[in-house]
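**Q** Encoded as structure tokens, here's the structure I'll be asking about.
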Amino acid sequence: MSSEPAPRPSTPLTLLRAEGLVKSYGPTRAVRDLSLELVAGRITALVGGNGAGKSTLTRILAGITRPDRGRLEVGGAVVDLSSYTPVRAKQFGVRVVFQELSLCSNLRVYENFFLEHPQLLRDLSWRWQARRLAQEVLEEIFPGCAIAPEIPVEGLSLAERQMLEIARAALDPRLRLWILDEPTSALDAERSAQLARYLRARAREGVGVVYISHRLEEVLSLAEEVLVLRDGTLVWQGPAQQTSRAHLVELMAGRAAQGTLASPSPVPSGPPLLQLEGGIELYSGEVVGLAGLEGSGQRALLRAVYESVRGGTARGVRCLAPAAFVAGDRRKEGLFPLWHSRENLTLTRLCEGSALRPIPREEPRWQEEWLQRLGIPSEVGSRGVLKLSGGTQQKLLMARALLARAPVVLLDDPTRGVDAAVKEEFYRLIGEEAARGRLFLWYSSDDEEFRHCTRVLLFHRGRVIGQLEGHQATRQHIVQSAFQERARERQNEQARRGGDSWARAVPLLAFLAVMGGVALLNPSVLSSFGLALLFSGALPLVLVALGQMFSVARSEIDLGIGAFAGLANVISATLLVERPGWGALALAAGLLAYGLMGALIHSRRIPAIVATLGASFVWLGLGYTLQPAPGGSAPDWLVRFFNLSPPLVWVLLFGTLAYTLHHSRWGLVLRGFGNNPQALEQGGWSALGVHALTYILTGFFGTCAGLALTAINTASDVNAATSLTLLSVAAVVMGGSELVGGRVVPWGVVAAALTLSLLGLLLGFLNLSTDHVAAVQGGLLLLIVLLRGKRPR
């Protein structure tokens, strides 16, 4: 980016022109014959009520959704809508920052930058370059944000994730048209101002900006032009100077604003419902705001209050009444995606009684009452909750909390991402329910909302440093009162690293404990011959577990890898001995079949656990066909090959290979798909190719396990590795990995596999029956999982 902005051309350059766009979902027409033109160097605001069609239009312009009809011209070229994809849109310079973030939470900040910009990071120093670029662009847009590139994204706050999402898009050298969907919904006033300054600077350089926001004051201060959508139609377009907030609300709602903002209720007498550290007492009928810099402890207080109600302990927090909670991250913490909207609405009320109590007959009446009260059409309640607009989803969460009979209601930024009309509706509901005696504890990222509170608590470094009356809680007063000392403590990274170190240490300690017990009972196992026997018997399980690990990194489980290793064992002890060429071809064909199975799982959307279980019977059937009974022999060259190094060296070599693949660019992409596959696909990565390569890699380790069995046993049995399938899953979990989310720990998997393999020997030395091995292995698995659950967070 040049330091001197280029002068604007006298005639603005058209970046994108849409004509007659139409998109329907069944009977619902989300976009109706919509036409617009976006030019370079201009900040255009796109506003509209929830369900007005903004998200659908954005997805069309980004190449994610294909319109039913219409014409799209990007960069002066007419676009073939049948081939207009997110990758193609990015090639044209169209980038979108979505309201629902598209980050991989299991990866670090700089790794998420790599996934978005692999073309910038091609040489061996890509990690160093990604760290540098991430730090530079974050500091350029949000000075002083102090987001370290090495921090895992799961350790970031919602505001920091939003900053990261914005910075990733800003880094694109091809950027020409930048669409931002609610970019400040989780940002405080200062970060919002920093973003506004940056957007103005990019617009002066010729970048076209489409700014989607429900914060109308912010829109009017930033945008040059405003587009208003209602019911999928463009109802008004004009300069920002020619409109006002009231005018926009009227255009969005199709009627004049009703002025239903709630007035703060007076503080009634009576016993307190909530006591906080420092002698702060909160009473029924109050609406108490929580203000301060993002991450200063407001959300932590809400969670502490809620945990104290559920029986947890929190220092300085005592809630004397039941509480309902409106989560800020509705996708992650608020909604039940597999349930219909009505079921999401009444969940909290149904959980108030006994779990064995039948569902009350009044439930349909509750649902209809609140759907009507919030202006949600009755037929919407029968839809899947993820098919609703973001504002309607937020209405359901608010209604769920108010439908419950809890005297205390905890609000975690409930108006984030909803339009002005819905905000007014929420203010009215809060005022009505407070007048009935409820206490509201309200965190908001929009400081202007605190004027609807009876009082506001000011937070700094996790503690309350002052209070303001509701009418005093302007943005200026909050900044002057709360942010005189600017200091942010970064503990996320340290806590996460401590947790990761603990997760790695537990399986290693378990292995050392079992190894120590074996050595104590029989010191001869520490001889070179004894160690060779120990680790040669463990090598097949280590290999199968490492193969399983890569499937788990994709958030899947392979129930056929043990049977596949058994087939490789049979092939190497029969065909590879009698007809080496045919044997090698058979092993390669098996590996190819494994990759095709991965491609089939993706393309046909078959659950991996079902497909691999079915494939396991195929592998067993082929093995029995080649060798009906145990037997065969090992090729001399194979035995010599595995005898080149001690078995422990082979364990370390294969562990190093798995670790290297895990930390490679390909491994990074694989783990990204295991965490957020939709984001990776929209980023241009091939889900089909990654799926196929994942299973080829899993099959490779399974093939190596079969070859190792042949070399160790000098014979074959198709059932020799069948038991290793479930043991491999246990090793992956014991090793510190998680079955979903793309989080795996290679060396932890190796240590856990060795531990499970040595348990049988330890029990033999203790003169216990081998029948107890499975029970002990399962008990050890549960113990390690329990210890991992106690690690610091």
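The values are calculated or read from the model by the stated rules, or taken from the named source; none is laboratory data. None of these values were measured; they are calculated from a predicted model. Cβ coordinates were reconstructed from backbone atoms using ideal geometry, including for glycine residues, and neighbour counts include every protein chain displayed. Side chains are part of the model used for accessible areas, which takes the heavy atoms of the whole protein and leaves out ligands, DNA and RNA. Shrake-Rupley method; radii C 1.70, N 1.55, O 1.52, S 1.80 Å.
**Q** Which whole-number value in Å² is the accessible area per residue of region 69-199, probe 1.4 Å?
**A** Using a 1.4 Å probe on heavy atoms only, each residue of region 69-199 averages 34 Å².
**Q** With every protein chain present, what is the per residue accessible area of region 628-784 (1.4 Å probe, Å²)?
**A** In whole numbers, region 628-784 has 40 Å² accessible per residue.
**Q** Convert each backbone phi in region 431-439 into a coupling constant with the Karplus relation 6.51 cos²θ - 1.76 cosθ + 1.60 (shift: θ = phi - 60°), then list the ³J(HN,Hα) values in order as whole Hz, x for Gly and Pro.
**A** x, 5, 6, 5, 5, 7, x, 7, 9
**Q** List the residues whose amide H sits under 5 Å from the amide H of His460, counting only those 5 or more places along or on another chain, with H placed 1.01 Å from N in the peptide plane.
**A** For His460, whose amide H was placed from the backbone, the distant partners under 5 Å are Ile465.
**Q** Ignoring ligands, DNA and RNA, what percent of the accessible area of region 680-744 is carbon or sulfur (1.4 Å)?
**A** Answer for region 680-744 is 69 percent, counting heavy atoms of protein chains only.
**Q** Taking amide H atoms as placed 1.01 Å from N in the peptide plane, list the residues 5 or more away in sequence, or in a different chain, whose amide H sits under 5 Å from that of Leu15.
**A** Leu38, Val39, Ala40
**Q** Turning to a different aspect of this structure: Can you give me the distance in nm between label points at Leu526 and Leu768, each placed 7 Å from the Cα along the Cα-to-Cβ direction?
**A** Inter-label distance under the simple model: 2.3 nm.
**Q** Another question, then. Hey, got the dipole for region 1-132? About the Cα centre, +1 on K and R Cβ, -1 on D and E Cβ, debye to the nearest 20?
**A** 160
**Q** Give, in nm to one decimal, the length gained when the segment between Leu613 and Gln242 is fully stretched (0.36 nm per residue of separation minus the Cα-Cα distance).
**A** Length difference between fully extended and current span is 127.1 nm.
**Q** Continuing with the same structure: With a ≥ b ≥ c the root eigenvalues of the C-alpha gyration tensor of region 57-200, is it rounded (a/c under 1.5), prolate (a/b larger than b/c) or oblate?
**A** Note, shape of region 57-200 comes out prolate.
**Q** Further question: Could you run the Karplus curve 6.51 cos²θ - 1.76 cosθ + 1.60 with θ = phi - 60° over region 241-251 and give me ³J(HN,Hα) per residue in whole Hz, x for Gly and Pro?
**A** Karplus values, whole Hz, x for Gly and Pro: 5, 9, 9, 8, 4, 4, 5, 5, 4, 5, 5.
**Q** Provide the gained length on full extension for the span Thr28 to Ala715, in nm with one decimal, where the gain is 0.36 nm per separating residue minus the Cα-Cα distance.
**A** Additional length available on full extension: 240.8 nm.
**Q** Taking H as built 1.01 Å from N, whose amide H comes closer than 5 Å to the amide H of Ile557, not counting residues under 5 places away?
**A** Ile609
**Q** Kindly identify region 383-458 as rounded, prolate or oblate by the Cα gyration tensor criterion: order the square roots of the eigenvalues as a ≥ b ≥ c, call it rounded if a/c is under 1.5, otherwise compare a/b with b/c, prolate if a/b is larger, else oblate.
**A** The shape class here is oblate.
**Q** Provide the convex hull volume over Cα atoms per residue for region 603-680, in Å³.
**A** 171
**Q** Suppose all protein chains stay in the model; what accessible area per residue would a 1.4 Å probe give for region 535-602, in Å²?
**A** Per residue, region 535-602 has 27 Å² of solvent-accessible surface.
**Q** Ignoring any ligand, DNA or RNA, what whole percent of the accessible area of region 67-184 comes from carbon and sulfur when the probe is 1.4 angstrom?
**A** For region 67-184, the apolar C and S fraction of the accessible surface comes to 50 percent.
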